[in-house]
Every structure is written in structure tokens, then in C-alpha cells.
1. Under 8 Å for C-alpha pairs, at least 6 residues apart: give me the relative contact order for the range 130-285, rounded to a whole percent.
2. Neighbour counts of other C-beta atoms within 10 Å: give me VAL254, VAL148 arranged from fewest to most.
3. By how many nm would the segment from LYS119 to ASP311 grow when fully extended, if each residue of separation counts as 0.36 nm and the alpha-carbon distance is taken off?
4. Could you derive backbone 3J(HN,Hα) for the range 156-165 from the dihedral phi with the Karplus parameters 6.51, -1.76 and 1.60 (θ = phi - 60°), listing whole Hz in sequence and x where the residue is Gly or Pro?
5. Mind ranking 99-108, 52-61 by how tightly packed they are, going by the mean number of other C-beta atoms within 10 angstrom, highest first?
6. Taking neighbour counts of Cβ atoms within 10 Å as a proxy for exposure, in what order, fewest first, do CYS238, CYS121, CYS172 appear?
7. May I ask you to derive the FRET efficiency for ALA161 and ASN298 from their Cβ-Cβ distance with R0 = 51 Å, giving the value to the nearest 0.05?
8. Based on other C-beta atoms within 10 Å, arrange MET263, MET258 from fewest to most.
Amino acid sequence: MSPKRDITKARLHYRKLLNSSQSLIVQKQQRVQSKMQRYYEDKEIVQEYSRYRPLLSDQVRVAVMDYLKSKTKGCQGKYDMLLDVGCGGGQATQLFASDFKKVVGIDVSQNQIDDANRKNCYDHVKYQVGHAEKLDFENDSVDLIISVEAAHWFNVQEFLAEAFRVLKPGGCIAVIGYLPPTFIPQSYLGDKAKVAAKQLEIGYSFLKEVPKERMQSYLHVASRYQNVLDLMPVYDKCRLPDLELSFKWSKKHVLGFMRSMDMVVHLNEQRYNEVLQKNGEVTYDDVKKIDVAIDYFNIIAKEFSELQNPDATVNALFQVFTVAGSK
Ligand SMILES: C[S@@+](CC[C@H](N)C(=O)[O-])C[C@H]1O[C@@H](n2cnc3c(N)ncnc32)[C@H](O)[C@@H]1O
């Protein structure tokens, strides 16, 4: 089977898993969700996040703004208001800021909001603590809502009900995410799709260690937010074309990115606790052995010998997906 068909098959498989497990684990997932919200209250994680996560490209902004323009033909100049939900350190908020007169980014984590405020370079952009499920804004007041790489932590039904309440008629929502990246060694000249399929397979082998209720948010990402699209309470909704982002990263950056993923943080914690229970103490060598990021990198370095050079760089390829709707 071709690598592309492998990926499609894997997606279908995870979609099925997602549907079948939904009702059984919803309660446990709610507990995980609130733990997740606390996760971003850890200052170190917020720093790792802002250092190693990719910035969206202007292409993503243009695609979303073109969608908004197509739904609001009358607008001249800047739109009134943008709301970014789950804004984190404000990476995407800033990208869209100059198209709007007023911009608000909200996030449940005070630490993320502090980080966003530190980096804010616009007077008309404000950040505040807030919940996706209870938007503190008037009915019919927002032109565009964006949410980037965050909706898998929300109660999506409640978030969408609120989003469509606060949107102006004709206003739009764009819920954006990205799949775990493929790391292609810079000197590699072979078939990229084959590398992507191989790394997906290696990635999935780690997921076996993850408890079911933790998987739910990952599965939403793997399904490219199909749940968000399905639950949008309007007929006027669609997927915008996927976009690819590419970054040249060192091994250090790859490891930093992986350690900023909550799934990796969780697996490392789990492995760490197991060693702790067995040995009573954990040495630096133990920590190196149990780090999922290092394990993963070493496995892919076995497949692609170019990566065994400590100065090797990779192209980190991200597939960005967007589900959008208009009120
Ligand atoms: C993976 S980060 C994405 C941050 C940012 N949008 C970006 O593009 O990098 C997910 C963010 O969603 C926030 N979050 C999780 N659940 C939330 C909720 N129910 N309401 C608002 N924010 C939430 C987290 O605190 C975290 O900052």
C-alpha cells in the first residue's frame, strides 16, 4: 500500500476509534481537560511552548481573511473585532492583529496571558483570562473568532454555542490546528510521503502507552477537528485547504518541540513515576533513558542515518488544517 493510503487508513481508523470511545470516556476526559488547563499554568511549560512551537505563516492569515471577506462583502478597511480563544502566548493573535480595530485574546491560563502581555506590541490588542465555554462578550459583537491548536481541550459544543452567539451575522469562525510534524533530514532526497508514513507509524507505537482518556484530545487533532466541523450549528461551514509549513530545525529544537507536547509530557511523567516506584530514586541517566522525545529521535535516526550526525538539521513539516463557518 502506498504511504499516502497508509496515512488515510490510519486516519479512518482513529476516526472510528474516536466515535466508538466517545461516550464511554467522556467523564474521565472532563477530568483530564481540567488537569490540562492546569498544565499550561506551569511556567516552564509556557516558556518551552513559546520557544519551540512553530509560528503560523502569513498564508494561514490570508486564507482565513479571504474566507471572512467572502462572507462579508460590505466591509471597507479594517474589521471591528477579532477574538482569539485559547490564545496561549498570543502567537496567532499578533499575526491577525493589523486587520482589526480591536483584538482580544483569551486563555484559561494566567501564565499564558502573562506571557502574551509581555510580548504584546499593539495598543489595540488586549489579553485576558477567560473560558472558551463562557465567552464574556455581547451577542453579535465579533467579526472573526480564531482558535489555534487549542479546540481539542475545549468542551466543543459549549464553545461553539458561545461562539455563534457572540459572532455578528455574517461573522466567521476559523478553528485551526496542525498534525504532529514530519522531520525530514535536510540531506534526504527520497520520497517525503514515505518518511511521513514511517514516522506516523513510529509515533503511533508510543501512543500505546497512553491511557484511553488522555487519547481523546489527540484523536480530535488526528481527525483534523472533524468534531468541530460536525458540531458547528450552521449549514455554511467547510474545510479551508490544508497548508504546509516548513521550518529548518536543529536536533535541540526537535527535542524542545516534542517536550512541549502535552502527550510527551504525560508519557515522560508516567515513565518517571514507574522508575520511581521501582528504584525509589531517579538519576540523570534514568531521565535520559525515559525521555520519549529522545527515544523517538533515536528511532528515527536509525531509519535515517543522516540524523546520527549531532549537527544534523531537519525540515520540520507541519500540515495545518482549518475548519471554518459563518453565522
Ligand atoms: C496548545 S496551546 C495553543 C496556544 C496558541 N493558540 C498557539 O497557537 O500556540 C492551547 C491553549 O489552550 C488553552 N486552553 C485550554 N483549554 C481552554 C479553555 N477551555 N478555554 C480557554 N483556553 C483554553 C491552554 O491554556 C493553552 O494555552
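A short reminder: the numbers here are calculations on the coordinates, not readings from a lab. Treat the numbers as computed from the prediction; the structure is a model and nothing was measured. A quick note on method: Cβ atoms are made from the backbone with ideal geometry, for glycine too, and the neighbour counts reach across all protein chains shown.
1. Worked out over the range 130-285, it gives 21 percent.
2. By the 10 Å Cβ count, ascending, the order reads VAL254, VAL148.
3. 66.1 nm
4. 5, 4, 5, 4, 5, 4, 5, 4, 6, 5
5. Descending packing order for the listed peptides: 99-108, 52-61.
6. Taking fewest neighbouring Cβ atoms as first place, the list is CYS121, CYS238, CYS172.
7. FRET efficiency, ALA161 to ASN298: 0.65.
8. Numbers: MET263 20, MET258 23.
Exposure proxy ranking, most exposed first: MET263, MET258.
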